[in-house]
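Reviewing the structure listed below.
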Amino acid sequence: MKNKKIKKNALILIILAPLLLAVSFIPVFYPKSIWLNTNIDGKLSRKQPRLEDDFYQSTNYDFLKNTPIPKTKINVHNTLAAYDEIQEKMLSYVKSLKLETEENSENKALKYIYDQCSDWEKRNAQGVEPVLPILKKFQKLQSLEDFETLFYDDEARIFLPFDSGYYTTSTWNIITFGLKFQFDKNRVSPNELYSSDFYEKMLVKCGYSKREAKKLVKSAKNFEKKYSRVKGIVDVWMYKNKPNEKYDAYPIRKFMEASGYGEAGDIQIIMSGQVEKFFSLYNGENLEALKALCICNLLRTSAGFLDRDCYELKLEITKKIYGKKIIYDGDIYSIEFLNNIIPMLYGKLWVQNFFSEEVREDVTEFVQSIIDEYILEIPEWNWLSTGAKYNLTQVLKETKIIAGYSNSLPDYSGLYGLLTEGSDSEKSLLASYIKLKNFEKAIQIEQSFSEVDVYAWADSPQTMNAYYNWLNNSINICAGWIWATGYDVNMTIEEKMAKLGTVMAHEISHSFSIPGFAGARRMLWDEKDVEALNKKLTEYGNYMHKFTLLNGRKSSCERIKFEAGADMFGMTRILNMAKKISDFDYQKFFKCYSYLWGVKYTEKAYVSSVLKDSHPTNFIRVNAEVQQFDEFYEAFDIKSGDKMYLPPEKRIRF
């Protein structure tokens with residue numbers, strides 16, 4: 001009996017031995033417990049943790065615990081107050097304008113649209129009437145020839161399933177032709193992915209029976225599905241003076257001429273496979289489906305410009321995506337409407353009236369000092385070849401800084417006269433939107449035939465964003481982001497470095513560290529340089545992959561490594577600059593950095609958008625990054641045994 005027990009115990013030990021051995025070799029630098037994903041509302045410790053264990057949660061604890069997500073938002077973040085302040089200033093400004101006495105026509109245009117938007121009594125009285133004349137244009141089509149007459153119709157053209165456009169490179173303007181999508185979740189942003197129920201209810205409001213509405217929506221969806229699911233995204237050129245049997249058979253040039261690009265030379269066909277499939281279906285047999293697609297596009301676009309019922313239908317999509325209706329009411333609705341519908345004019349007037357030129361100049365000088373730090377350090381990067389280091393420093397020496405706003409903001413002075421044309425019965429918020437879109441299209445057309453302005457912005461000034469544009473080698477810092485950081489020329493150097501410096505150093509690194517750009521940089525780097533960069537990025541991306549975000553899901557190394565790497569490049573440069581500043585307060589710096597990324601989302605919003613983001617999730621973006629720097633350990637006396645601790649030999653260096 002005793003021998004049997006010995007044999008049994010020996011067998012258990014043999015089975016368990018590999019497991020025990022594996023456990024004994026688990027690297028000590030793994031987190032002793034996974035940090036809570038406090039970027040999701042409700043995921044918070046009952047008690048504030050020590051900053052030595054969870055730096056992000058500890059420093060942002062009061063904010064995460066006590067700041068509710070507003071009913072008009074899917075998230076709340078530490079910079080939200082700045083966004084609200086922009087709105088409040090612009091609301092006060094617009095409400096103070098008087099159409100009858102105002103001389104500035106750009107002011108008058110903004111005020112006119114604001115008043116129309118705010119007049120719910122008139123909008124409710126009009127109901128869906130503003131959309132019916134355009135709807136009838138689609139309903140009465142009898143042939144493709146009839147359909148193509150709408151190419152020249154300024155009202156109907158913007159609701160067709162394809163569009164013209166242009167973009168600018170550093171050397172030339174490019175005219176484009178492409179399809180629109182509205183049903184395919186892979187082609188449409190979540191905010192624009194409306195349900196069949198939405199379209200059917202809108203159609204019923206416009207006079208369709210439920211049966212007719214259901215049939216029309218099904219026809220439109222099935223038609224789009226046939227070409228939207230073509231695999232591969234390839235752009236091809238349709239050359240002006242070179243016959244192309246395939247593309248010349250399509251009515252593309254006819255549409256481009258009707259859109260205002262009649263003098264266009266070469267045209268870039270966006271997503272050519274889908275375009276070819278679409279035009280293979282472009283025939284009389286599919287005319288009803290084509291009409292149905294246009295009608296759905298019309299109703300999707302126009303719903304926000306009609307009565308309250310249509311607005312409520314539009315809001316259902318936010319509930320489906322984010323788990324809540326994002327409802328704007330009263331003055332906030334109207335000012336948010338302006339920010340979304342006519343953002344460039346809104347932002348232009350905001351910076352003219354409220355953004356300090358002194359701040360703009362100070363930011364420019366500060367960002368230049370960060371570029372200078374890169375130029376100083378790059379020759380010491382032993383992972384790059386001598387030629388690559390020289391070429392990269394030359395690129396940075398020529399980098400242009402555009403702080404606050406572009407000097408090439410569009411001229412809207414002719415818009416007000418256009419908005420007020422026609423009889424009172426022809427005027428509506430939808431009519432103003434259509435006139436606005438055609439006005440802005442005319443600006444684009446003029447720009448496309450003018451000398452290339454490489455520094456013109458596509459973003460409006462109030463956008464809370466900063467970015468590196470590799471097409472023209474420029475660093476762009478929108479006034480909205482500067483405002484969001486609370487930037488002040490007299491703020492402490494620690495605040496400047498943490499709130500703006502780290503972000504700008506991040507963006508500067510995108511001059512060489514950005515998806516796809518390593519390929520373009522091969523003109524300046526050899527293959528080994530690109531491999532060395534990718535090795536660094538992958539090492540850090542893999543480290544961030546260790547941490548669970550939600551329900552076992554983790555960050556994809558390939559998706560986030562360029563942005564995560566930019567954080568590391570940036571933080572390294574900023575901390576090297578800090579070493580040269582006497583009495584630099586590292587505690588204040590790191591806490592300000594953590595505050596900058598304080599944010600929480602509804603869980604549904606997090607799943608629908610943040611998990612797909614190419615940037616690391618904020619709690620990891622802070623915790624995993626500061627772990628890598630000796631200055632962090634010294635500032636807060638982080639020791640072995642603390643959950644924020646990572647042994648020196650395991651810290652990743654950039």
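So the values come out like this:
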quantity: Qualifying residue in the stretch 321-332 (condition: touching a residue at least 40 places away in the same chain (Cβ under 8 Å), under 26 Å from D459 (Cα atoms) and among the acidic types (D, E)); calculated: yes
quantity: Candidates Y405, Y412 - the one that is touching a Lys or Arg at 6+ places or on another chain (Cβ under 8 Å) and either among the aliphatic types (A, V, I, L, M) or under 21 Å from W481 (Cβ atoms) (or both); calculated: Y405
quantity: Some residue of the stretch 520-527 being within 19 Å of the chain's Cα centre (by Cα), in a helix (DSSP H, G or I) and within 28 Å of Q368 (Cβ to Cβ); calculated: no
quantity: Neighbours by Cβ (under 7 Å, 6+ apart or cross-chain): first from the stretch 134-145, touching a residue at least 24 places away in the same chain (Cβ under 8 Å) and closer than 27 Å to A303 by Cβ; second surrounded by 14 or more Cβ atoms within 10 Å (Cβ to Cβ) and among the acidic types (D, E); calculated: I134/E155
quantity: Residue satisfying all of: in the stretch 535-557; assigned to a loop (DSSP other than H, G, I, E, B) and not polar (S, T, N, Q); surrounded by the fewest Cβ atoms within 10 Å (Cβ to Cβ) among these; calculated: G552
quantity: Any chance A532 is in a helix (DSSP H, G or I), out of contact with any Pro (no Cβ under 8 Å at 6 or more places or on another chain) and at pLDDT below 95; calculated: yes
quantity: Matching residues in the stretch 480-496 - criterion: being within 26 Å of F562 (Cβ to Cβ), of a type outside the set (F, W, Y) and within 24 Å of the chain's Cα centre (by Cα); calculated: G480, I482, A484, T485
quantity: Leading residue by the ranking (farthest from A156 (Cα to Cα)) among those in the stretch 103-128 that are out of contact with any Asp or Glu (no Cβ under 9 Å at 6 or more places or on another chain) and loosely packed, with under 14 Cβ neighbours inside 10 Å; calculated: E103
quantity: Matching residues in the stretch 477-492 - criterion: being touching a residue at least 60 places away in the same chain (Cβ under 8 Å), of a type outside the set (G, A, S) and surrounded by 24 or more Cβ atoms within 10 Å (Cβ to Cβ); calculated: I477, C478, I482, W483, T485
quantity: Subset of the stretch 567-594 [farther than 25 Å from I375 by Cα, open to solvent by 40 Å² or more (accessible area, probe 1.4 Å) and either touching a Phe, Trp or Tyr at 6+ places or on another chain (Cβ under 8 Å) or of a type in the set (A, V, I, L, M) (or both)]; calculated: Q587
quantity: Any chance L611 is touching a Lys or Arg at 6+ places or on another chain (Cβ under 7 Å) and more than 30 Å from I375 (Cα to Cα); calculated: yes
quantity: Any chance G260 is touching a helix residue (DSSP H, G or I) at 6+ places or on another chain (Cβ under 6 Å), farther than 29 Å from L203 by Cα and in contact (Cβ under 8 Å) with a residue 60 or more places away in the chain; calculated: yes
quantity: Some residue of the stretch 493-505 being at pLDDT below 95, among the hydroxyl-bearing types (S, T, Y), closer than 14 Å to M568 by Cβ and open to solvent by less than 20 Å² (accessible area, probe 1.4 Å); calculated: no
quantity: Out of Y250, Y282, Y208, sole residue that is without any contact (Cβ under 8 Å) to a residue 24 or more places away in the chain, assigned to a loop (DSSP other than H, G, I, E, B) and surrounded by 13 or more Cβ atoms within 10 Å (Cβ to Cβ); calculated: Y208
quantity: Counted residues, the stretch 216-245 - those being open to solvent by 100 Å² or more (accessible area, probe 1.4 Å) and over 23 Å from R187 (Cα atoms); calculated: 5
quantity: Selected residue (criterion: modelled with the highest pLDDT) from residues of the stretch 507-518 that are open to solvent by 10 Å² or more (accessible area, probe 1.4 Å) and part of a helix (DSSP H, G or I); calculated: E507
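Residue by residue, here is whether (1) among the aliphatic types (A, V, I, L, M); (2) touching a residue at least 12 places away in the same chain (Cβ under 8 Å); (3) open to solvent by less than 20 Å² (accessible area, probe 1.4 Å) holds:
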position	(1), (2), (3)
M271	yes, yes, no
K291	no, yes, yes
S302	no, yes, yes
L315	yes, yes, yes
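The values are calculated or read from the model by the stated rules, or taken from the named source; none is laboratory data. Just so we're clear, the structure is a prediction, and the values are computed from it rather than from any experiment. Cβ atoms come from the backbone with ideal geometry, glycine included; neighbour counts cover every protein chain shown. The area values use the complete protein model at the heavy-atom level, side chains included, leaving out ligands, DNA and RNA. Shrake-Rupley method; radii C 1.70, N 1.55, O 1.52, S 1.80 Å.
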